[in-house]
Amino acid sequence: QVQPVESGGGLVQAGGSLRLSCAASKIIVTFNSMGWYRQTPGNQRETVAAIFRGGSTNYADSVKGRFTISRDNAKNTVYLQMNSLKPEDTAVYYCAVETATGYKYWGQGTQVTVSS
């Protein structure tokens, strides 16, 4: 199983919090980055947050100050803590692991729905 496995999506009211998890296969020994992306129907997939091999992170402007990406190296797992959720955060969230060669492994996606 090389495909990352996401969990933690669901339905939450506006202002609430969710934490997404993404477990990457230990077959992927080294990686350039692990990141979270989201997509709504009819729109392109957009980057939400990424964490790089050295530990640096970046975020989409729309989630700065509300979302936090973190990584547990021992578990090969990346997390996305989402606070102060807004209805516009509703989307399918995907995890991706980019290997040292630049190839991306994508998870199957997890639905996040924020009600107003």
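The values are calculated or read from the model by the stated rules, or taken from the named source; none is laboratory data. Just so you know, these numbers come straight off a predicted model, no measurement behind them. Counting neighbours? That spans all protein chains shown, and the Cβs are built from the backbone with ideal geometry, glycine included. Note: accessible area is taken over every heavy atom of the protein model, side chains too, but ligands, DNA and RNA are not part of it. Shrake-Rupley method; radii C 1.70, N 1.55, O 1.52, S 1.80 Å.
Computed over the alpha carbons of region 54-116, Rg followed by Dmax gives 13.2, 42 Å.
Here the chain exposes an accessible surface that is 49 percent carbon and sulfur, computed with a 1.4 Å probe and the other protein chains kept in place.
The mean accessible area for residues of the chain, using a 1.4 Å probe and ignoring ligands and nucleic acids, is 52 Å² per residue. Note on the chain: with charges restricted to the Cβ of Lys and Arg (+1) and Asp and Glu (-1), its dipole about the Cα centre is near 200 debye.
Enumerate the aspartates and glutamates that Lys26 could reach by cross-link, defined here as Cα to Cα under 16 Å, with residues fewer than 8 away along the same chain left out. Hits, sequence-local ones excluded: Glu6, Asp72, Glu98. Extension gain, Ala14-Arg45: 0.36 nm per intervening residue step, less the Cα-Cα distance, totals 8.9 nm.
Tell me the trypsin sites (Lys or Arg not before Pro) within region 32-95 that lie in a loop according to DSSP and have at most 12 other beta-carbon atoms within 10 Å.
Details: sites: Arg38, Arg45, Arg53, Lys64, Arg66, Arg71, Lys75; in loops: Arg45, Arg53, Lys64, Arg66.
When the trypsin sites (Lys or Arg not before Pro) of region 32-95 are filtered for loop state and at most 12 Cβ neighbours within 10 Å, Lys64 remain.
Positive-end ranking of Thr99, Ser116, Gly15 along the dipole of the chain, with charges on Cβ about the Cα centre, is headed by Thr99. Straight-line reach from Lys86: which aspartates and glutamates fall under 18 Å, measuring Cα to Cα and dropping same-chain residues less than 8 apart? Candidates past the 8-residue exclusion: Glu46, Asp61. Spread over its residues, the convex hull of the C-alpha atoms of the chain is 96 Å³ per residue.
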